[in-house]
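Shown next, in structure tokens, is the structure this report addresses.
The values are calculated or read from the model by the stated rules, or taken from the named source; none is laboratory data. Quick caveat: nothing in here was measured; it's all calculated off a predicted structure. Cβ coordinates were reconstructed from backbone atoms using ideal geometry, including for glycine residues, and neighbour counts include every protein chain displayed. Heads up: the accessible areas ignore ligands, DNA and RNA and are worked out on the full protein's heavy atoms, side chains in. Shrake-Rupley method; radii C 1.70, N 1.55, O 1.52, S 1.80 Å.
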Amino acid sequence: MAFNQERFDKLIQKLEVFANKQPHLYKLHVAFLATLGYAYIFLVLAVTLTLLVGIIFLMLNAQSVNASSVKGVLFLLAIALVLVRSLWVSFPPPTGLPLQPKDVPNLYSLTNEISSKLQAPRFHHILLTNDFNAGVVQRPRLGLLGWQQNYLIVGLPLMLALPPEQFRAVLAHELGHLSGNHSRFSGWIYRQRETWYRIIKGLGQGGNEVSSLMFERFLTWYSPFFNAYSFVLARMDEYEADRCALELTGEQNAAEALINVEVKARFIERYFWSSIYKQVETEIEPPKMTY
């Protein structure tokens, strides 16, 4: 039975009730689904390599090579390469202006203080962008094998728009996603979710009929379930991150930060940028003093 939006929404509603009543069992289900996808890939890879070795062994024993055997070897090699490529997921580093500790000592001091209080990992890089946003990115340098590189991404417009304590609340929320106090498991599932998005995207762009034949039916069943399970966990993780902000900065600062970010983001998008975009109708060059 194919998943439509109505069925997906009903599944999420059931999972939210399940997660609230039996959180440990729910997380066990999520962990099982997260590993099931990789288990499928490794199973297909193991079967492929076994068949490949078997054909080569038979060819060596027969001391003869025929066209069908060669075709079989090449076909299995093609499958193995597709599988290995699907497992080696590339995570390009995020873009932005790198900020060094000597350039912004106060910002580094603040992030290190919050990281220590939340038992979150330290950041290897802090990047400045022109977005009205902030976020954290964990980039696995070895693909599925991990070895995380941590990035904090802060938008200059956001920093300018918020008072210090509200900006501190935003940072506490973002670092709360990596907090050891609350949910290392959620961080792991979040990375698996991102990894599967990239695997599915890579398989779709590959245009290989072999990979489509092997994965299409499995992913048609697997993706909606894993998305639903991990979506509920991601929503729970957002609540945990909000609690981190509240614990570190207080109820008023955390609440005002949420309101301030929402109101100013709407203003920037609906009024400021819309007026800038309209200048294309009358101006030859883009405005130089936009930022």
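A few comments on the model shown:
- Mean sequence separation of contacting Cα pairs (under 8 Å, at least six apart), scaled by the length of the stretch 99-177, corresponds to a relative contact order of 32 percent.
- Global geometry of the stretch 212-291, whether rounded, prolate or oblate, following the gyration tensor of its Cα atoms and the 1.5 cut on a/c: oblate
- Cα principal axis extents for the stretch 1-88, largest first, Å: 64, 28, 23
- Most to least accessible of TRP147, TRP273, TRP221 (protein chains only, probe 1.4 Å): TRP147, TRP221, TRP273
- Net charge dipole, the stretch 234-291: roughly 280 debye, given to the nearest 20, about the Cα centre with Cβ charges of +1 for Lys and Arg and -1 for Asp and Glu.
- For the stretch 1-153: rounded, prolate or oblate by the Cα gyration tensor [a/c cutoff 1.5]: oblate
- This model, with +1 at the C-beta of Lys and Arg and -1 at the C-beta of Asp and Glu, gives the stretch 1-128 a dipole about its Cα centre of some 160 debye.
- Here the calculated FRET efficiency for LYS288 and ASN106, from their Cβ-Cβ distance with R0 = 35 Å, stands at 0.75, rounded to the nearest 0.05.
- Estimated inter-spin distance, GLN63 and PHE267, nm [label 7 Å along Cα→Cβ]: 8.7
- Net length gained if the chain between ASP131 and ALA46 were fully extended (0.36 nm per residue, minus Cα distance): 26.1 nm
- About the Cα centre, charge dipole magnitude for the stretch 220-267 (Lys/Arg +1, Asp/Glu -1 at Cβ), debye: 240
- Rounded, prolate or oblate (a/c below 1.5 giving rounded, otherwise prolate when a/b exceeds b/c) for the stretch 7-58 by Cα gyration tensor: prolate
- Percent carbon-and-sulfur accessible area, the stretch 56-126, ignoring ligands, DNA and RNA, probe 1.4 Å: 64
- Here THR220 and GLN149 are evaluated by their C-beta separation; at R0 = 45 Å the FRET efficiency comes out at 0.85.
- Of the peptides 163-172, 109-118, the ranking by mean beta-carbon count within 10 Å, highest at the top, reads 163-172, 109-118.
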